[in-house]
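Have a look at the structure below before the remarks.
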There are 2 protein chains.
Amino acid sequence: MNDHNQRHQARMERKKALIDASIARADQEKGLLLVLTGNGKGKSSSAFGMVGRSLGHRMKVGVCQFLKSRTDTGEEAFFGQQTNCEWHVLGDGFTWETQSREQDITTAQHGWEVACQMLADPAYHLVVLDELTYLLNYGYLNADQVLDTLAARPPMQHVVVTGRAASPALCDLADTVSEIADVKHAFRSGIQAQKGIDL
Amino acid sequence: MNDHNQRHQARMERKKALIDASIARADQEKGLLLVLTGNGKGKSSSAFGMVGRSLGHRMKVGVCQFLKSRTDTGEEAFFGQQTNCEWHVLGDGFTWETQSREQDITTAQHGWEVACQMLADPAYHLVVLDELTYLLNYGYLNADQVLDTLAARPPMQHVVVTGRAASPALCDLADTVSEIADVKHAFRSGIQAQKGIDL
């Protein structure tokens, strides 16, 4: 074994010891609240990846899409037909499509009622609240009530919330927060939303 | 309609006009190279969400997991059995597990050969190269050759690359780059990797 490889091995032995120790310290199980926020591409996709992972472990999953109204997306076509996955498209489109604040509020509150049933039912191992942050940030839902409901959910239930500009209070309640920065986006180079990638 | 609602409607009419115009400008179709990097949770999950979306559009998908060696993950159990999805677990574990640089290089080069077959075949609409950045950053693969192969792939093929510390050259080649910041992670609070969320 040459010098380079010996140094590599020694460095990796030390790294393994550190990592093994930190894995041993992380020994708790609980239902997680994850928040995926920021302006970059990948928030909803990431939630849907966790839907796939959960289905692979035969966990029961519920998904609420709060803003989307179109029902021709790849995610719904694929995940909506899976055993153990309940998929709800609850939106009227983005708020600049409806142009009616009253209609948006009615739609949001109906959607939240659907979510509340899942958040009260320990049979759901994972609940995805896709684009929930917009409903909170526009004041379509009462943020305190939403946070209370999230905090009171079954202890082993995972919840993933997506959307831009997650509030500090939501992030405080969360176990894991990822902020996705938009370093570069194909859309700004004139490329339209692509099937399989964006919808 | 009260004042608040009228102002909302006027604002949303202006917003809709701007957004419709920018959507009209983005009229190109092409195979995208997406890079999901940064230290936060959600890079691989996001790639797997796009796998689900693509399968929903009956697109053919190939996935290469370059570092993972375990084959008990939810993602493989679920996506690996889907029609139109070819799933390869190509790793020996993280490099601090093998502790052998020579073995890591052999494994990386074998994995890259599998990826190259997909990257030369227009039948694949989406190719996921999960955790590829580590192989580049450790020098296990020749970065120039990898970038040349990515650039020369079929023009309508989408590719998603995940992993920390994506190089500037890789980001330059990409159409979309998202950097996922680790604002907060449950692992640091002593919570172990959770089925359905992390594996």
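The values are calculated or read from the model by the stated rules, or taken from the named source; none is laboratory data. What you are looking at is a predicted structure, and each value in this text was computed from that prediction instead of being measured. A quick note on method: Cβ atoms are made from the backbone with ideal geometry, for glycine too, and the neighbour counts reach across all protein chains shown.
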_Which pairs turn up if I take residues in the range A:167-180 that are touching a residue at least 40 places away in the same chain (Cβ under 8 Å) and look for partners that are part of a helix (DSSP H, G or I) with beta carbon separation below 6 Å, at least 6 apart in sequence or on another chain?_
A:173/A:147; A:175/B:186; A:176/B:186; A:177/A:171; A:180/A:43
*Would you be able to say whether some residue in the range A:55-63 is on the phi < 0 side of the Ramachandran plot and under 10 Å from the mean Cα position of the chain (by Cα)?*
yes
*Which helices (runs of 4 or more DSSP H) does the range A:1-116 wholly contain that include 2 or more residues that are more than 8 Å from every other protein chain (Cβ to nearest Cβ) and at pLDDT below 95?*
A:3-25
*Test set (1) in contact with a Pro (Cβ under 6 Å, 6 or more places away or on another chain); (2) surrounded by 17 or more Cβ atoms within 10 Å (Cβ to Cβ) - residue A:122 fails condition number*: (2)
*Go through the range A:5-41 and give me each residue that's in contact (Cβ under 8 Å) with a residue 24 or more places away in the chain, surrounded by fewer than 16 Cβ atoms within 10 Å (Cβ to Cβ) and among the charged types (D, E, K, R).*
A:29
*Applying the selection to the range B:154-199, what residues are farther than 26 Å from residue B:76 by Cβ, within 7 Å of chain A (Cβ to nearest Cβ), outside any loop (DSSP other than H, G, I, E, B) and over 15 Å from the mean Cα position of the chain (by Cα)?*
B:181, B:183, B:184, B:189
_Given the condition more than 16 Å from residue B:8 (Cβ to Cβ) and surrounded by 19 or more Cβ atoms within 10 Å (Cβ to Cβ), answer yes or no: does some residue in the range A:101-113 qualify?_
yes
*asked:* Can you tell me how many residues within the range B:1-53 are within 13 Å of the chain's Cα centre (by Cα) and of a type outside the set (Lys, Arg)?
replied: 17
*Could you list all residues from the range A:48-72 that are within 22 Å of residue B:72 (Cβ to Cβ) and surrounded by 23 or more Cβ atoms within 10 Å (Cβ to Cβ)?*
A:48, A:49, A:50, A:51, A:52, A:53, A:54, A:55, A:61
